[in-house]
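The values are calculated or read from the model by the stated rules, or taken from the named source; none is laboratory data. Owing to the predicted nature of the structure, the values given are computational and were not obtained by experimental measurement. Here the Cβ is made from the backbone with ideal geometry for all residues, glycine too, and neighbour counts use every protein chain on show. Surface areas here come from the heavy atoms of the whole protein model, side chains and all, with no ligands, DNA or RNA. Shrake-Rupley method; radii C 1.70, N 1.55, O 1.52, S 1.80 Å.
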Amino acid sequence: MPSFRPAPQTRCARPVAGPVRPALAVLLWAVLGCHPSGGGREPGPGVARALADARARTVSGVAYDVTLDLPATRAAPVTGRVAISFDWAAAGEDLVLDFRAPADLVGAVTVDGDTVVPRLVPDHIIVPARALAAGHRTVTIGFTSTDAALNRQDDFLYALFVPDRASTALPVFEQPDLKARVSLALTIPAAWDAVANGALVSRDSSAGDGRHRLRFAETAPISTYLITFAAGRLQRLTAERGGRTFTMFHRETDARRVARNADAIFDLHAQAIAWLERYTGIPYPFAKYDLVAVPAFQFGGMEHPGAVFYRADALFLEEAPSRPQELGRASLIAHETAHMWFGDLVTMRWFDDVWMKEVFANFMAARITRPAFPDVDHALRFFRDHHATAYGVDRTAGANPIRQDLANLRDAGSLYGAIIYQKAPVVMQQLETAVGDSVFRDGLRAYLGAHRFGNASWPDLVAALDSIAPLDVAAWSRTWVEQPGRPTVTVRWDGGRVLLQQTDEWDALQAASAGSPGRAGAPATRALRWPQERIDVLLAWGATTRVVHARLLADSASVAVEDAPPGAPDLILAGVDGQSYGRFPLDDASRATLLARAAALTPALHRAVAWQTLHEEMLDGRLPARALLEAALAALPGEPDELVATQLAGLVRGTYWRWLPDATRRAVAPHVERGLWRALDGAPTPGRKGALFGTIVSVTITPDGIARLERIWRRQEVPRGFPVTEAMMQAIAEGLAIRGVPDAEAILDEQARRLTNPDRQARLAFLRPALSADPARRDSLFRSFAHLEGRRRESWVLDAVGALQHPLRAEAAIGRLEPSLALAEEIQRTGDIFFPLNWLNAALGGYASPAADSIVRRFVQAHPDMDPRVRGKLLQASDELRRASAARR
Ligand SMILES: [Zn+2]
């Protein structure tokens, strides 16, 4: 065997009576007793890189034939049998399969029909070498699934295996580079429907036992994290587009809502497929394209080939959606569709390169959606979709590089975040700019063509590009892909020229956080230099403006300004191209000018960059929050671009709740509420009015404002020009409860009655204790999150924590802060990929006080052995608290 890390808890596992284990195995165990564990060289928990590498060398040609029995009741276990066929090249070695389940869930095991006795260690089933000759082998295993990745509800379940959870449901080789053809058969209650990666081949009801047997076609080779199925009470909707049949499975009970959205959903899929076929030169690689709209899905979407999952609310938009909501849906559909090529057809060899599939999905999505939204400024949109969120991580002491090491697959979930989804597309855009778009596309085509239905790693793509590009891509990658952080680029006027100077923001951050929680083991200085092909600088002398293009490849660059007016400009703003990346600090004169004139800049992209830069100034303590709030509020009614208006509304909410001391907030509230209602009255479209109404619901705290929202909720007042949707009504009801209106419980009861969709009713029922005026009920709900069972519905839990820790209530419940932080490591182990950071963001989001900041600092210092990835997330999530509390001191 390869040299595995000895597993300290290797145990002599002994199956007890399991639901699917036949008597023969019992007999064998009784006769043979407990097998020795192999001299302390058993594989440890999870899938270590060494185990994956060894298996990739010795196992090939894998196929899974899976049979699962899905019972009608959630309490009964899912049972199954899998036949795993493969070519085995490691005669004399044990075969390690992955199954993350208690030993008593393993049933009979055979090799080519002969019963064998496996060794069971945590997370693995080991077939001894003597039972396996080299050649084509078939191992069958009976098993009972754990529910960890099956998302079981009373009349619905769905498998979500990314990144390493297939092995919680069935025995597999859990690693992305052992792709397999998968055949699936499901036995389900007669009233249910089901969907899987392969097309439905047959549905057999002949047994007469109220159970139907469904068989699905064998898939093309796919990685285990892409295996899926969903079953339960589902409705189907089928459409033809471009010669292809799409079927959507959903549970939406509002037929008008489905009808309103269905055409757009199918059109967007067909457009995305056509675009990707053209760009890649490769036809859609899988046999069918079905989609599943999952209520309260934990992600926006998941790219299972043949059965793409989406969060139902992301597909079925409410009446009169805003333009950003429509764009968001189109981007999501394009993202998941791009994965069919980037991720599903060609897959990362190991999850350290999971960013590659995400970067190309986002990068392609940004292009795919352009033709469907000709009225949108797509350069602006790219900036808004990426920079602010990426900066939100990169400016913190917990920032991570795009490409991260991964020693064990069980930690793969911790790799996901804004750096992968938002920074990486910016960096990839810069690479395309540097090498040219046709070279870039040809490199991608060569890469996809060479590895189709296989695996590749980032160095494979670097090599493909390096061979044709006029740039040292490997050297570029060492900074932009392999290091965290961003440059600080200062720009100053130098008599007819602008002078750009870059430093490494990391170094300043390390200096600032010396003696306080910083990046563990980080060097004191790095002095990295970040090459950028293009940084546009806006200069203004009164109403006269110039934009110069700078190229910053080393420490500094100097660019002459043609026809410059006399004297120094009164505004210097760098980064207005919307693709360059970094902290671009303002000098004092520029800051004052920009605060007064940001709203008047054109084009809209310049305004978006201006507001982003002003936000950074506030975060760095160089601009009072109140000044930014007032400027954003004043700009909102006149802002012509909806994306910038959304940005402004976000600035208003963020500064209002987190950066204003409570007394200031109460003092400015009447003025803020009035300003937002005025902006709503003047907004040109129902979508924009609706978006502003959402901001009003968020910020309203004056008695008059609350009374008005209550009248709207009671339908005694109908705002003009936009529909108050069910989701808005629910947000009002929840907001009224958090604000402690006297008849909050009656309002919530009535709100529950108004909901017709059972999934939305269930969410509100879950949320009720978080909205309660009774602190004991709130505490009791919070305590339930300490147990895995209490955290199963992650999107509901996040909504509940958001309500429990609302800024109006958080400081009074500061006792919950430390227990929330203490749960983070466990949540990292048990939760889905976005849950740990989202948990920390929700838990910390309501706080702004120095006392809360001290609790976080003490917690970090008291836990030097914290998992570094969790520590990084905690530093990310607490960064704004640190800055806001400093501003309040
Ligand atoms: Zn994705």
Check your understanding: When you go through (1) without any contact (Cβ under 8 Å) to a residue 24 or more places away in the chain; (2) away from the ligand (no atom under 14 Å from the Cβ) one by one for residue 314, which number turns out not to apply?
Key -> (2)
Study note, to complete from the structure: For residue 706, the lone unmet condition from (1) over 28 Å from residue 816 (Cα atoms); (2) part of a helix (DSSP H, G or I); (3) in contact with a Ser or Thr (Cβ under 7 Å, 6 or more places away or on another chain) is (1)
Revision key, fill the gap. Apart from one, (1) of a type in the set (D, E, K, R); (2) in a helix (DSSP H, G or I); (3) open to solvent by 30 Å² or more (accessible area, probe 1.4 Å); (4) free of Cβ contacts under 8 Å to residues at least 40 places away in the same chain all hold for residue 678; the odd one out is (4)
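For residue 256, indicate whether it is more than 16 Å from the ligand (Cβ to nearest atom), basic (Lys, Arg) and not assigned by TED's automatic domain parsing to the domain that holds residue 217. Before you say what the answer is, go through the steps one by one.
Numbers: more than 16 Å from the ligand (Cβ to nearest atom): yes; basic (Lys, Arg): yes; not assigned by TED's automatic domain parsing to the domain that holds residue 217: yes.
Answer is yes for this residue.
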Exercise for review: Would you confirm whether any residue within segment 835-843 is out of contact with any Lys or Arg (no Cβ under 7 Å at 6 or more places or on another chain) and outside any helix (DSSP H, G or I)?
Suggested key: no
Check your understanding: What residue, of 335, 378, is open to solvent by 20 Å² or more (accessible area, probe 1.4 Å) and either within 27 Å of residue 159 (Cβ to Cβ) or without any contact (Cβ under 8 Å) to a residue 40 or more places away in the chain (or both)?
Key -> 378
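Just give me the residues in segment 165-219 being in contact (Cβ under 8 Å) with a residue 24 or more places away in the chain and closer than 20 Å to residue 237 by Cα, in sequence order.
Of segment 165-219, the ones in contact (Cβ under 8 Å) with a residue 24 or more places away in the chain are 165-189, 191-199, 211-219.
Passing the criteria: 191, 192, 193, 194, 195, 196, 197, 198, 199, 214, 216.
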Check your understanding: If we keep just the residues of segment 250-295 that are in contact with an Asp or Glu (Cβ under 9 Å, 6 or more places away or on another chain) and acidic (Asp, Glu), which is most open to solvent (accessible area, probe 1.4 Å)?
Key -> 254
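What about residue 108, is it in a loop (DSSP other than H, G, I, E, B), more than 36 Å from the chain's Cα centre (by Cα) and farther than 30 Å from residue 296 by Cβ?
On the way: in a loop (DSSP other than H, G, I, E, B): no; more than 36 Å from the chain's Cα centre (by Cα): yes; farther than 30 Å from residue 296 by Cβ: yes.
Criteria not met by residue 108.
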Check your understanding: Just checking, how many residues over segment 407-461 are closer than 30 Å to residue 61 by Cα, surrounded by 20 or more Cβ atoms within 10 Å (Cβ to Cβ) and free of Cβ contacts under 8 Å to residues at least 60 places away in the same chain?
Key -> 1
Exercise for review: Please go through segment 583-603 and pick out each residue that is open to solvent by 10 Å² or more (accessible area, probe 1.4 Å) and either among the aromatic types (Phe, Trp, Tyr) or touching a residue at least 60 places away in the same chain (Cβ under 8 Å) (or both).
Suggested key: 584, 585, 587, 601, 603
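Could you please give the count of residues in segment 660-701 that are hydroxyl-bearing (Ser, Thr, Tyr) and under 16 Å from residue 735 (Cα atoms)? Lay out the reasoning, then the answer.
As a first pass, look at segment 660-701 and keep what is hydroxyl-bearing (Ser, Thr, Tyr): 664, 685, 695, 698, 700.
Those left that are additionally under 16 Å from residue 735 (Cα atoms): 695, 698, 700.
Of the residues in segment 660-701, 3 are hydroxyl-bearing (Ser, Thr, Tyr) and under 16 Å from residue 735 (Cα atoms).
Is it the case, given these coordinates, that residue 105 is open to solvent by less than 10 Å² (accessible area, probe 1.4 Å) and of a type outside the set (D, E, K, R)? Break it down stepwise before answering.
Details: open to solvent by less than 10 Å² (accessible area, probe 1.4 Å): no; of a type outside the set (D, E, K, R): yes.
No.
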Review point. Which residue out of 354, 346 is touching a Leu at 6+ places or on another chain (Cβ under 6 Å), touching a residue at least 40 places away in the same chain (Cβ under 8 Å) and within 11 Å of the ligand (Cβ to nearest atom)?
Key: 354
Review point. In segment 108-122, which residues are out of contact with any helix residue (DSSP H, G or I) (no Cβ under 7 Å at 6 or more places or on another chain) and in contact (Cβ under 8 Å) with a residue 60 or more places away in the chain?
Key: 109, 119, 121, 122
Check your understanding: Any chance segment 847-867 includes a residue that's within 26 Å of residue 300 (Cβ to Cβ) and buried (at least 21 other Cβ atoms within 10 Å of the Cβ)?
Key -> no
Study note, to complete from the structure: By residue number, the members of segment 290-311 that are more than 16 Å from the ligand (Cβ to nearest atom) and free of Cβ contacts under 8 Å to residues at least 60 places away in the same chain are 293
Study note, to complete from the structure: residue 396 passes all but one of the listed conditions (1) open to solvent by less than 10 Å² (accessible area, probe 1.4 Å); (2) within 14 Å of the ligand (Cβ to nearest atom); the exception is number (2)
Practice item. Would you please name the residue that is nearest to residue 401 (Cα to Cα), looking only at residues in segment 842-889 that are touching a helix residue (DSSP H, G or I) at 6+ places or on another chain (Cβ under 7 Å) and of a type in the set (Asp, Glu)? Key: 867
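Looking at 634, 649, which one is over 12 Å from residue 595 (Cβ atoms), among the small types (Gly, Ala, Ser) and at pLDDT 95 or above? Before the answer, list the steps.
On the way: 634 fails: over 12 Å from residue 595 (Cβ atoms).
Of the residues listed, the single one that is over 12 Å from residue 595 (Cβ atoms), among the small types (Gly, Ala, Ser) and at pLDDT 95 or above is 649.
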Exercise for review: Being part of a loop (DSSP other than H, G, I, E, B) and either modelled with pLDDT under 95 or open to solvent by less than 20 Å² (accessible area, probe 1.4 Å) (or both) is the filter here, so list the residues in segment 207-225 that pass it.
Suggested key: 207, 208, 209, 210, 219, 223
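So which of 223, 183, 205 ends up being within 26 Å of the chain's Cα centre (by Cα) and assigned by TED's automatic domain parsing to the domain that holds residue 153? Walk me through how you get there before you give the answer.
Working: 183 fails: within 26 Å of the chain's Cα centre (by Cα); 205 fails: within 26 Å of the chain's Cα centre (by Cα).
Among 223, 183, 205, only 223 is within 26 Å of the chain's Cα centre (by Cα) and assigned by TED's automatic domain parsing to the domain that holds residue 153.
Would you tally the residues in segment 262-289 being more than 20 Å from residue 326 (Cβ to Cβ) and within 15 Å of the ligand (Cβ to nearest atom)? So that I can check it myself, show each step before the final result.
Pass one, segment 262-289, residues more than 20 Å from residue 326 (Cβ to Cβ): 276-289.
Remaining after also requiring within 15 Å of the ligand (Cβ to nearest atom): 276.
Adding up the residues that qualify gives 1.
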Check your understanding: Is it true that residue 694 is open to solvent by 20 Å² or more (accessible area, probe 1.4 Å), over 25 Å from residue 295 (Cα atoms) and either polar (S, T, N, Q) or at pLDDT 95 or above (or both)?
Key -> no
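State all residues of segment 72-101 that are in a loop (DSSP other than H, G, I, E, B) and either crowded, with 20+ Cβ neighbours inside 10 Å or not small (Gly, Ala, Ser) (or both); if no residue qualifies, say none.
73, 74, 77, 78, 93, 94, 99, 100, 101
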Review point. Does any residue of segment 322-331 turn out to be modelled with pLDDT of 95 or more, open to solvent by less than 30 Å² (accessible area, probe 1.4 Å) and within 12 Å of the ligand (Cβ to nearest atom)?
Key: yes
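Within segment 357-381, how many residues turn out to be outside any loop (DSSP other than H, G, I, E, B), away from the ligand (no atom under 15 Å from the Cβ) and not aliphatic (A, V, I, L, M)? Lay out the reasoning, then the answer.
Quick first cut of segment 357-381, residues outside any loop (DSSP other than H, G, I, E, B) only: 357-368, 378-381.
Going one step further and asking which of them are away from the ligand (no atom under 15 Å from the Cβ), we end up with 367, 378-381.
Right, trim to not aliphatic (A, V, I, L, M) and you get 367, 378, 381.
Total meeting the criteria: 3.
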Check your understanding: How many residues, within segment 411-452, are touching a strand residue (DSSP E or B) at 6+ places or on another chain (Cβ under 9 Å) and within 27 Å of residue 834 (Cα to Cα)?
Key -> 1
